[in-house]
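Student: The structure that follows is given in the form of structure tokens.
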Amino acid sequence: MILENFTIASLKEAYKNNKFTVTEVVQAYLDRINERNKLTNTYVLIADEFALKQANALDEAWQQDASLVDKLPLFGVPMGVKDNFTTQGLETTACSNILKGYVPPFNAPCVDKLYAAGAVCLGKINTDEMTCGASTETSCFGVTKNPYDHERVSGGSSGGSASMISENLGVFSTGTDTGGSIRLPASFCNAFGVKCTYGRVSRSGVLSMASSLDTVAPLTKTALDGAIVLNVMAGKCDKDATTIETTEDFTSELGMELKGLKIGVPKEYFEHGTDSEVSSLVRKALDFYKSQGAELIDLSLPMTKYGVAVYYIVSPSEVATNMQRYDGIKFGQIASDAENLDDFYKKVKSRGFGPEMKRRIMVGNYVLSAESYEAYYIKAQKVRTLIINEFADAFQKCDVLMAPVAATAAFKIGEKAGDPVAMYTTDALAIPSAIAGLPGVSVPAGFTEAGLPVGLQILVAQRKEALMFGVAKAFEDATEYYKRVPA
Ligand code: GLN
């Protein structure tokens with residue numbers, strides 16, 4: 001079959017018209033992945049056999065019950081799963097050597113939900129090691145190249161999940177956003193990247209990076225697809241006490257009226273090195289909303305400048321704590337030459353973790369140590385509260401905030417790899433909202449002169465995801481940038 005650039009909605013329509021079997025569709029995606037994956041290094045594991053088995057089971061069930069296509073929101077929809085999601089029977093390493101060879105005996109509950117809704121797993125997708133990074137360059141499987149320019153990064157940590165969308169190596173992917181890891185790569189790769197309210201989707205079985213910040217959500221081609229997948233993934237989970245009750249339908253505001261919508265435009269997001277091409281594409285998007293009757297409100301969020309500092313105290317503390325569990329005893333076979341237990345731990349940790357993980361573990365333990373705890377960790381938590389309050393005040397004045405996702409389009413491979421601070425500040429415009437646990441999206445907003453994608457960031461108050469999808473879709477319908485695939 002010829003693989004169209006399917007969205008969830010268009011693929012389901014094709015199934016309804018009996019155009020293809022699930023097996024035909026899944027085989028076509030697998031063929032494309034096997035042919036093209038080497039160009040970008042998007043998948044780190046291609047699950048041919050597993051995916052065909054799932055497809056076959058769906059086809060059989062479909063024969064018994066023709067209404068299955070309508071009943072299952074993701075019936076026969078092929079997806080890529082980021083490698084930090086636990087997947088039964090499929091190696092799960094979060095792209096770290098410390099977990100090489102680990103084949104989990106269970107699925108993350110959110111993966112179970114996707115399967116139950118009819119999604120098919122094509123394989124596991126590249127990420128920065130343990131999701132720590134902004135470029136996928138810290139992955140033990142190597143960098144994911146940007147589909148629009150192979151000399152550039154896809155962003156990170158969900159770089160593979162974003163490149164998968166524009167490379168058309170699946171219909172949607174899963175991602176995690178702790179401090180920008182869905183929105184940044186979505187912006188760099190012309191994908192629709194969803195970050196949800198903290199607690200919206202269960203973190204159980206999703207390997208923890210920084211537990212007070214980690215959020216789980218999809219990357220898709222369109223706003224409608226994003227809302228459909230989030231509907232499936234969201235909700236209370238008895239394995240994650242931080243999950244929130246979800247009764248709303250995230251598609252409910254699609255097609256909404258923009259007249260009277262109050263859009264806050266925080267000036268800090270356009271200052272300090274925001275590239276002029278990026279600013280002008282975002283301004284163009286703002287003009288669109290204005291032309292539809294929305295009101296633009298100039299705002300100031302002065303705490304923005306402290307976001308990166310707060311994040312790089314709080315998150316390494318949590319990373320350091322979470323990484324302690326990887327001790328090489330139950331899984332990982334990398335220190336069989338150890339002479340004693342001490343030597344074993346030393347070998348496991350020093351061989352298992354890459355340089356960026358070691359840096360974060362050291363920073364985290366340092367700021368949590370008795371001498372620096374008050375000065376750094378407690379101070380950062382206080383500033384975190386100020387950031388949360390500043391957003392809460394802003395949402396008294398406006399319904400949504402709009403800004404660039406990042407100061408620039410995708411950077412060159414290697415450009416920031418030797419300079420941790422340059423890498424960390426890449427997320428300066430995505431981090432503050434993550435600190436506040438807010439939902440947001442990156443929606444394709446056009447291309448630079450050099451042909452690189454740029455995303456528009458739309459942020460809303462907690463639990464306002466339906467509004468965020470509605471606002472994003474209006475712009476998407478008017479521009480259809482998601483249809484512009486790499487040459
Ligand atoms: N780039 C940021 C970091 O390295 C964010 C990562 C993430 O959101 N997982 O911490």
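Derivation of every value follows stated rules applied to the coordinates shown; laboratory data play no part. Note that this is a predicted model, so its numbers are computed, not measured. Cβ placement follows ideal geometry from the backbone for every residue including glycine, while neighbour counts extend to all protein chains displayed.
Student: With 5 Å bins from zero, work out the P(r) of region 400-457 over every alpha carbon pair and list the percent per bin.
Tutor: Values per bin, smallest distances first: 4, 16, 25, 23, 19, 11, 2, 0.
Student: Still on this model: What does region 49-94 give for Rg and for Dmax, in Å, if only its C-alpha atoms count?
Tutor: 13.0, 38
Student: Students often forget the sequence filter, so: which aspartates and glutamates lie under 19 Å Cα-Cα from Lys53 once same-chain residues fewer than 8 apart are removed?
Tutor: Answer for Lys53, where 19 Å is the Cα cut-off: Glu24, Asp31, Asp65, Glu91, Asp112, listed by chain and number.
Student: So what does the Cα-only Debye profile of region 14-104 read at q = 0.10, 0.12 Å⁻¹, as log10 I(q)/I(0), no solvent term?
Tutor: So the normalised log intensities are -0.32, -0.45.
Student: Considering just Cα atoms, how many Å³ per residue does the convex hull of the chain enclose?
Tutor: Spelled out: Cα convex hull of the chain, divided by residues, is 139 Å³.
Student: Check Gln88: other-chain or 5+ apart residues with amide H under 5 Å from its amide H, H built from backbone geometry?
Tutor: The list, which skips near neighbours in sequence, is Phe106, Asn107, Ala108.
Student: Be a star and scan region 86-129 for residues whose amide nitrogen sits under 11 Å from the point 7 Å along the Cα-to-Cβ vector of Lys239.
Tutor: 86-88, 105-113
Student: Of Lys16/Lys195; Lys38/Lys346; Lys19/Lys239; Lys195/Lys267; Lys124/Lys473; Lys382/Lys416, which ones are farther than 32 Å apart at the Cα?
Tutor: With Cα atoms farther than 32 Å apart: Lys38/Lys346; Lys19/Lys239.
Student: What is the packing order of peptides 51-59, 292-300, taking the mean over residues of other C-beta atoms within 10 Å and listing the highest first?
Tutor: 51-59, 292-300
Student: Cα atoms only: what Rg and Dmax, in Å, come out for region 68-224?
Tutor: For region 68-224, the Cα-based Rg and Dmax read 14.2, 44 Å.
Student: A further question follows. Pop the C-beta distance of Asn340 and Glu91 into the FRET formula with R0 = 25 Å and round what comes out to the nearest 0.05.
Tutor: 0.25
Student: Turning to a different aspect of this structure: Determine the gain in length on full extension of the stretch Gln324-Ala370; use 0.36 nm per residue of separation and subtract their C-alpha separation, reporting nm with one decimal.
Tutor: Additional length available on full extension: 14.7 nm.
Student: Hey, any idea what the orientation-averaged projected area of the convex hull of region 271-427's Cα atoms comes to, in nm²?
Tutor: Dividing the Cα hull surface by four gives the mean projection, 13.3 nm².
Student: Which value in nm describes the separation of the simple spin-label points at Ser280 and Lys19, placed 7 Å from the Cα toward the beta carbon?
Tutor: Label at Ser280, label at Lys19, 3.8 nm between them.
Student: Please compute one quarter of the surface area of the Cα convex hull for region 134-227 and express it in square nanometres.
Tutor: Result: a mean projected hull area of 5.8 nm².
Student: Moving on to the next point. To check my understanding: the extent here is largest minus smallest coordinate of the Cα atoms along each principal axis. What are those three numbers for region 424-487, in Å, largest first?
Tutor: Principal-axis extents of the Cα atoms in region 424-487, largest first: 37, 31, 13 Å.
Student: Calculate the translational D of region 70-120 in whole µm² s⁻¹ from Stokes-Einstein, where the hydrodynamic radius comes from the Kirkwood formula applied to all Cα pairs, the temperature is 20 °C and the viscosity 1.002 mPa s.
Tutor: In µm²/s, the coefficient rounds to 185.
Student: With each label point set 7 Å from Cα along the Cα-Cβ vector, what nm distance links Glu415 and Leu386?
Tutor: Result: 3.2 nm between the two label points.
Student: Pop the C-beta distance of Ala66 and Lys259 into the FRET formula with R0 = 60 Å and round what comes out to the nearest 0.05.
Tutor: Calculated transfer efficiency: 0.90.
Student: A further question on this structure: Indicate, rounded to the nearest 5 percent, the antiparallel portion of the DSSP beta bridges found entirely in the chain.
Tutor: 65
Student: Let me ask another. To make sure I understand the rule: partners must be aspartates and glutamates, Cα under 14 Å from the Cα of Lys397, and not fewer than 8 residues away in the same chain. Which ones qualify?
Tutor: Of all the aspartates and glutamates, those that pass the test against Lys397 - Cα under 14 Å, at least 8 places apart if same chain - are Glu295, Asp298.
Student: Work out, in µm²/s and without decimals, the Stokes-Einstein translational diffusion coefficient of region 51-143 at 20 °C, 1.002 mPa s, Rh from Kirkwood over C-alpha pairs.
Tutor: 150
Student: Between rounded, prolate and oblate, where does region 229-338 land on the alpha carbon gyration tensor, with a ≥ b ≥ c its root eigenvalues, rounded for a/c under 1.5, else prolate if a/b exceeds b/c?
Tutor: Oblate, since a/c reaches 1.5 and b/c is not below a/b.
Student: Let me ask you something else. Can you give the charge dipole size of region 141-216 about its Cα centre, rounded to the nearest 20 debye, using +1 on the beta carbon of Lys and Arg and -1 on the beta carbon of Asp and Glu?
Tutor: Approximately 200 debye in magnitude.
Student: Let me ask something additional. Across region 189-203, in residue order, what do the Karplus-derived ³J(HN,Hα) couplings come to in whole Hz, using 6.51 cos²θ - 1.76 cosθ + 1.60 with θ = phi - 60° and x for Gly and Pro?
Tutor: Residue by residue, region 189-203 yields 10, 6, 9, 8, x, 9, 10, 9, 4, 4, x, 5, 10, 4, 8 Hz.
Student: Another question about this same structure. May I ask you to list the aspartates and glutamates whose Cα is less than 12 Å away from that of Lys412, ignoring any residue fewer than eight positions away on the same chain?
Tutor: Cross-link targets: Glu137, Asp149, Glu151.
Student: Then there is this: Which listed residue (Gly160, Ala227, Thr242) has the Cα farthest towards the positive end of the charge dipole for region 151-279, taking +1 on Lys and Arg C-beta and -1 on Asp and Glu C-beta about the Cα centre?
Tutor: Thr242
Student: Kirkwood Rh over alpha-carbon pairs of region 250-295, then Stokes-Einstein at 37 °C and 0.692 mPa s: what D in µm² s⁻¹, rounded to an integer?
Tutor: 271
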